1. Output the number of the condition that residue 29 fails; it satisfies all remaining conditions of (1) buried (at least 20 other Cβ atoms within 10 Å of the Cβ); (2) over 23 Å from residue 156 (Cα atoms).
2. In the stretch 150-171, how many residues are in a loop (DSSP other than H, G, I, E, B) and closer than 21 Å to residue 33 by Cβ?
3. Failed condition for residue 134, given (1) farther than 25 Å from residue 15 by Cα; (2) buried (at least 19 other Cβ atoms within 10 Å of the Cβ), with all others met?
4. Going through the stretch 50-71 one residue at a time, which ones are in a loop (DSSP other than H, G, I, E, B) and either among the aliphatic types (A, V, I, L, M) or in contact with a helix residue (DSSP H, G or I) (Cβ under 6 Å, 6 or more places away or on another chain) (or both)?
5. Quick one: residue 88 ticks every box in (1) among the hydrophobic types (A, V, I, L, M, F, W, C); (2) crowded, with 23+ Cβ neighbours inside 10 Å; (3) part of a helix (DSSP H, G or I); (4) out of contact with any helix residue (DSSP H, G or I) (no Cβ under 6 Å at 6 or more places or on another chain) except a single one, so which number is it?
6. Considering the stretch 33-45 alone, what residues qualify as being under 13 Å from the mean Cα position of the chain (by Cα) and either at positive phi or part of a helix (DSSP H, G or I) (or both)?
Amino acid sequence: MDYKGQIRDYIANEISVLEKLDVDAIDAALNLLSETLERGGTIYIFGNGGSSATASHFQNDFNKGISEHIEKKFRFLCLNDNMATVMAVANDIGFEEVFRFQLEGRLRPEDIVVAISGSGNSANVINAVEYARDQGIKVIGLTGYNGGRLKELSDISLHAPVDSMQITEDIHMIFDHMMMSVFYKTMCGIDHLG
């Protein structure tokens, strides 16, 4: 079987989406992350399925990757990573509350939320984002498809305009690595762009 045509189609679709990304929104997200670092805020990040892995990857890239080279450290906290808490809340209260429950009574004015949902409509993500907004907390939302409710609720929308979960999740990781590369250069004096 020759898969080269399908491979080229996937690559072409990915490039097309990359060319449509909102550079101003990415710049705004970088500025908000930098401001949150400076004021000592926590960046709560979360998502379901592949997005939970993306959230965990973000946490690693900022808490270790960038923070290894700067005096003041990023404080990312991935709400997916405490499996005992996630499972207890899901079992005792409901899966739609696994993220909101972890934010309740913990958010401070200097904190922000980074919410990831390919569809933009995951109930547990939306519940947490609505709670955060009610507390006056800024939200960066990563979405795909038409952005769903999360795009509407986000102060800064990092949107992958494509009807493909695979390419949406690719783009979300590109947001992570792009922002990491920019901060490596601007904060750490390290140029990974070749």
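1. In the conditions (1) buried (at least 20 other Cβ atoms within 10 Å of the Cβ); (2) over 23 Å from residue 156 (Cα atoms), residue 29 misses (2) alone.
2. 3
3. Only one criterion in (1) farther than 25 Å from residue 15 by Cα; (2) buried (at least 19 other Cβ atoms within 10 Å of the Cβ) is unmet by residue 134, namely (2).
4. Passing the criteria: only 70.
5. Condition not satisfied by residue 88: (2).
6. Listed by number, the list holds a single entry, 33.
Residue-wise test of (1) within 25 Å of residue 108 (Cβ to Cβ); (2) touching a His at 6+ places or on another chain (Cβ under 7 Å); (3) not aromatic (Phe, Trp, Tyr).
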| residue | (1), (2), (3) |
| --- | --- |
| 132 | yes, no, yes |
| 145 | no, no, no |
| 155 | yes, no, yes |
| 165 | no, no, yes |
| 181 | no, yes, yes |
| 189 | no, no, yes |
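For every residue, the table says whether it meets (1) more than 19 Å from residue 132 (Cβ to Cβ); (2) touching a Pro at 6+ places or on another chain (Cβ under 9 Å); (3) in contact (Cβ under 8 Å) with a residue 12 or more places away in the chain.
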{"residue": "30", "(1), (2), (3)": "yes, no, yes"}
{"residue": "64", "(1), (2), (3)": "yes, no, no"}
{"residue": "84", "(1), (2), (3)": "yes, no, no"}
{"residue": "105", "(1), (2), (3)": "no, no, no"}
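The values are calculated or read from the model by the stated rules, or taken from the named source; none is laboratory data. Here the structure is a predicted model, which means the values were calculated and not measured. Please note: Cβ atoms are built from the backbone with ideal geometry, for glycine as well, and neighbour counts cover all protein chains shown.
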